[in-house]
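Colleague: What follows is a structure written as structure tokens; I'll ask about it next.
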Amino acid sequence: MRDKEKHKARQQRLKAEVDAKVAQAQTEKGVLLVLTGNGKGKSTAGFGTVLRAVGHGLRCSVAQFIKGEWPCGERNVLSELGVAFHVMNTGFTWDTQDREADTRAAQAVWQAIAQDLANPAVDLVLLDELTYMLSFHYLEVDEVLTALANRPTHQHVVVTGRNCHRRLIEMADTVSDVTEVKHAFSVGVKAQKGLDW
Ligand code: ATP
Ligand code: MG
């Protein structure tokens, strides 16, 4: 009985603390969310956020800084739901051979998504695998940061990818570092449809 009362008192204190914090958080603004780290789950979390936004009727745009022929289950569904996709048609591959073609491909996707980053009608933008475009110097960090800083104040942006640029981390409101504990690939399991792509 004493335990039960103690538990109740503890829970009430906790509730009061959480309620006070919730009451304090009153700011409405577009959030810049960075999902980085070496563990699995960054792009899936980014697409999950797009799905969440679409479920509330928000207008979303996605830039995928990967080759367009790469299959992507989320793209199949979300494009049917009116989400705009900008994907590289040519160029960038992981074993990059042609730097100029890669840069052109990255720039083309950037030019397209930059319009959405300037458009107040767009509520959420996902920049999937953007971080590599900065680390490979395919896109200028100043140009990207300026576009993010100047975006409409209500617009949310989600950036995914490993080794996120320090200045982008500094600018972000929320940053999650996804840690690899283990991954099936390292013991020879190939990328699985529906789980990995
Ligand atoms: P996902 O798209 O599954 O959310 P991710 O975006 O976190 O993964 P990326 O670095 O973009 O990870 O990886 C692209 C592909 O590599 C995906 O098929 C993903 O499942 C797989 N992958 C992710 N993390 C690892 C890892 N630590 N080792 C091997 N493969 C990985
Ligand atoms: Mg990814």
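The values are calculated or read from the model by the stated rules, or taken from the named source; none is laboratory data. Keep in mind the model is a prediction, meaning the values are calculated, not measured. Backbone-built Cβ (ideal geometry, glycine too); neighbour counts: all protein chains shown. These accessible areas exclude ligands, DNA and RNA; they are computed on the full protein's heavy atoms, side chains included. Shrake-Rupley method; radii C 1.70, N 1.55, O 1.52, S 1.80 Å.
Colleague: Sorting check: for 140-150, 185-195, 33-43, which peptide has the highest mean count of neighbouring beta carbons within 10 Å, and how do the rest follow? All intermediate terms of the calculation are to be shown ahead of the outcome.
Modeller: On the way: 140-150: 14.3, 185-195: 8.9, 33-43: 19.4.
Answer by packing, highest mean first, reads 33-43, 140-150, 185-195.
Colleague: For the range 30-187, report the accessible area per residue in Å² (1.4 Å probe, heavy atoms, rounded to an integer).
Modeller: Values: 8070 Å² over 158 residues.
The answer is 51 Å² per residue.
Colleague: OK, next. Taking all protein chains in place and a 1.4 Å probe, what share, in percent, of the accessible surface of the chain do carbon and sulfur account for?
Modeller: Working: 6420 of 12180 Å².
C and S atoms contribute 53 percent here.
Colleague: Calculate, in whole percent, how much of the Cα-Cα pair population of the chain lies beyond 27 Å. The partial results should precede the final answer.
Modeller: On the way: 7138 of 19306 pairs.
Value for the chain (Cα pairs over 27 Å): 37 percent.
Colleague: Starting from the Cα of A191, step 7 Å toward the Cβ, then list every residue of the range 69-86 with an amide N under 14 Å from that point.
Modeller: 69-75
Colleague: Label the range 56-161 by shape, choosing from rounded, prolate and oblate, from the square roots a ≥ b ≥ c of the eigenvalues of the Cα gyration tensor; if a/c is under 1.5 it is rounded, and otherwise prolate applies when a/b is larger than b/c, oblate when it is not. Each step should come with its number before you reach the end.
Modeller: Numbers: a/c = 2.30, a/b = 1.27, b/c = 1.81.
Judged from the Cα gyration tensor, the range 56-161 comes out oblate (a/c at least 1.5, b/c at or above a/b).
Colleague: To continue, here is another question. Tell me, in nm to one decimal, what length is gained between R52 and M171 on full extension, where the rule is 0.36 nm per residue of separation less the Cα-Cα distance? Let's see the in-between values first.
Modeller: Details: separation 119, 0.36 × 119 = 42.84 nm, distance 2.35 nm.
Between R52 and M171, full extension yields an extra 40.5 nm.
Colleague: Here's a follow-up. Sticking with the crude label model, points 7 Å out along Cα→Cβ, report the distance from K15 to Q115 in nm, one decimal please.
Modeller: 5.2 nm
Colleague: Next question, about the same structure. How big is the C-alpha Rg of the range 99-166 next to the rule-of-thumb value 2.2 N^0.38 Å, as a ratio?
Modeller: Numbers: Rg = 11.7 Å, N = 68, 2.2 N^0.38 = 10.9 Å.
Relative to the 2.2 N^0.38 Å estimate, the range 99-166 comes out at 1.07.
Colleague: Give me the extension gain from E100 to Q24: residue separation times 0.36 nm, minus the current Cα-Cα distance, reported in nm with one decimal.
Modeller: Values: separation 76, 0.36 × 76 = 27.36 nm, distance 4.96 nm.
Net length gain for the segment: 22.4 nm.
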